[in-house]
Amino acid sequence: MKILMVCLGNICRSPLAHGILQHLANQENLGWTVHSAGTGDWHVGNPPDRRSVLAARNLGYDISTQRARHFSTSFFEEYDHILVMDKNNLKDVLQLAETQEHQQKVKLFLVDGEVTDPYYDNELFKPVSLQVEQRCKEIIAELRK
Ligand code: 4NP
């Protein structure tokens, strides 16, 4: 199973989802591969935002070695599930999908809602990291069946 997490910059939210789900999947020996990417390319090659690195570390995850990537249309073939953090990400990624099969791979990471972009508010990193961790645990339970 290959899962791609997507947000705008690929430095705050999707690196958390990427690192946490990969860690939990490894713990369960699921053999999953989790990656991430951004719909924007401003931060390509950069490590995650230090506030996300810290929030992840506080929960016991190391995301510091990740490097930001830009979403590519080749990812529609490469991944089984493409999970996006908010509705703008959903619109942007769906616009690039050329087949129904590719469109169907794209879903909001949260079942009914968006992961708030914490970039402009330091106080949001902790609640966002906890929300992402909780959802990653649910995803493990749902997709391992
Ligand atoms: P992310 O957060 O999409 O969760 O990585 C952002 C990071 C950077 C910017 C916006 C959102 N930015 O405008 O540079």
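The values are calculated or read from the model by the stated rules, or taken from the named source; none is laboratory data. Just so it is clear, the model here is predicted, and its values are computed rather than measured. Quick reminder, even Gly has a Cβ in these numbers, built from the backbone with ideal geometry, and neighbours come from all protein chains shown.
Which one is surrounded by the fewest Cβ atoms within 10 Å (Cβ to Cβ) among residues in segment 23-41 that are touching a helix residue (DSSP H, G or I) at 6+ places or on another chain (Cβ under 6 Å) and among the β-branched types (Val, Ile, Thr)?
Thr39
On the given criteria, is Leu96 modelled with pLDDT of 95 or more and either surrounded by fewer than 16 Cβ atoms within 10 Å (Cβ to Cβ) or charged (D, E, K, R) (or both)?
yes
Hey, Thr65 hits all of (1) without any contact (Cβ under 8 Å) to a residue 24 or more places away in the chain; (2) under 15 Å from Ile139 (Cα atoms) but one; which does it fall short on?
(2)
Do the conditions hold for Val115, that is, is it touching a strand residue (DSSP E or B) at 6+ places or on another chain (Cβ under 9 Å) and outside any helix (DSSP H, G or I)?
Here the answer is yes, as Val115 does meet what is asked.
Residues of segment 8-60 being of a type in the set (Asp, Glu) and more than 18 Å from Gln131 (Cβ to Cβ), which ones?
Once the filter is applied, which keeps residues that are of a type in the set (Asp, Glu) and more than 18 Å from Gln131 (Cβ to Cβ), segment 8-60 yields Glu28, Asp41.
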